[in-house]
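Nothing in this text is a laboratory measurement; each read-out follows from the coordinates by a stated rule. It should be emphasised that the depicted structure is a prediction, and the values quoted were computed from it without experimental measurement. Glycine gets a Cβ as well: all are built from the backbone with ideal geometry, and neighbour counts include every protein chain shown.
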Amino acid sequence: MSNLIKNVYFTVDEEDKRVINSDDYGKEVHPEIYHGKAVESEIKPFSFRQLGDETAASLENMDEQPEDFQEGMNVLSMEEVREEEKKIISEELNDEREKILQEARKEAEKIIDSANLSADDIKNQAFEEGKQSGLEEGRNQGLMEIEEQKEKLEEDYNLKIAEVDNMAKSLEPKYADIVAGLVEKITGVVCRDKKDIIVYLIDNALHGNLQGAEKTKNITLHISKADMGIVTAKKDDLVKGLNKDIEVDIIEDTSLEHNQCVIDFDTKVIDCSLDTQLKSLRDSLKMLAM
């Protein structure tokens, strides 16, 4: 059956066909048949031959198969052919599908392996980048923290300096008052112990104010009654160092008290009294504290 033409799968090309026409050939060989000129004498009537007994018996036994009869080839139906072809095609399709699946699996395995390698490379690259980024971020974070600590320390330092300045400003007036009180107290003790404190004040005023007073010709010392004796006794010591042309007079002034003295130059007047000097010292200390 390998050469059997299966009409199910056979396609006929209508343009490529051959027609077998015996009429043309018959007209050439027996024209009398096709043109009505047949010879009647040549046409013999057909008669059946009588069969003998043996021949008739033989015909009657034709339906019986002899013992050595071999059955011929079974004829396949078109349905069986279709089923067989479907089975063959199905097997071929299954083989082709399995082949395609195997190739797809191999290709998928290659893709997966490549993806795994790429993933490992990306993971390593990401790790290195993350490491470098982490180091850079950590360094930047450290610098930011250091800068913040520096700013905080500077702020704390400025606050402490401000507190110290405020404390100093608040202490300076108190300190000035304390110093002034101590000076006054100390000088009071000195005055009690040193009866000639007025002489010191006059001498300091005379010699400390001569600059700019060279044209002075007369100097008058206004002394209290309590200090007249000690100042008069120390006159020679007071005029030492002065220009010999300058005349120094000592007069008693009842408006003055003990340790008070006013010196009258030609160009100016100086109060060298002890209380005046203490007040000036106290004012100077308070000015420093402002």
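Across region 209-264, the mean sequence separation of Cα contacts (distance under 8 Å, 6 or more residues apart), normalised by length, yields a relative contact order of 56 percent.
For region 77-162, a simple Cβ point-charge model (Lys and Arg +1, Asp and Glu -1, everything else neutral) yields a dipole of about 380 debye relative to the Cα centre. Taking other C-beta atoms within 10 angstrom as a stand-in for reagent exposure, Met228, Met167 fall in the order Met167, Met228, fewest first.
Taking other residues whose beta carbon is less than 15 angstrom from the beta carbon of Glu129, and scoring Lys, Arg as +1 and Asp, Glu as -1, yields -3. Local charge for Thr254 was computed over the other residues whose Cβ lies under 15 Å away, with Lys and Arg +1 and Asp and Glu -1, and equals -3.
When Tyr200, Tyr157 are arranged by Cβ crowding within 10 Å, least crowded first, meaning fewest neighbours, the order is Tyr157, Tyr200. Going by neighbour counts of Cβ atoms within 10 Å, the residues Leu201, Leu135, Leu206, Leu281 line up, fewest first, as Leu135, Leu281, Leu201, Leu206.
Taken over region 196-275, the ratio of Cα radius of gyration to 2.2 N^0.38 Å equals 0.99. Please list log₁₀ I(q)/I(0) at q = 0.13 Å⁻¹ for region 77-162, using the Debye equation with identical point scatterers on the alpha-carbon positions. Values returned for q = 0.13 Å⁻¹ are -0.75.
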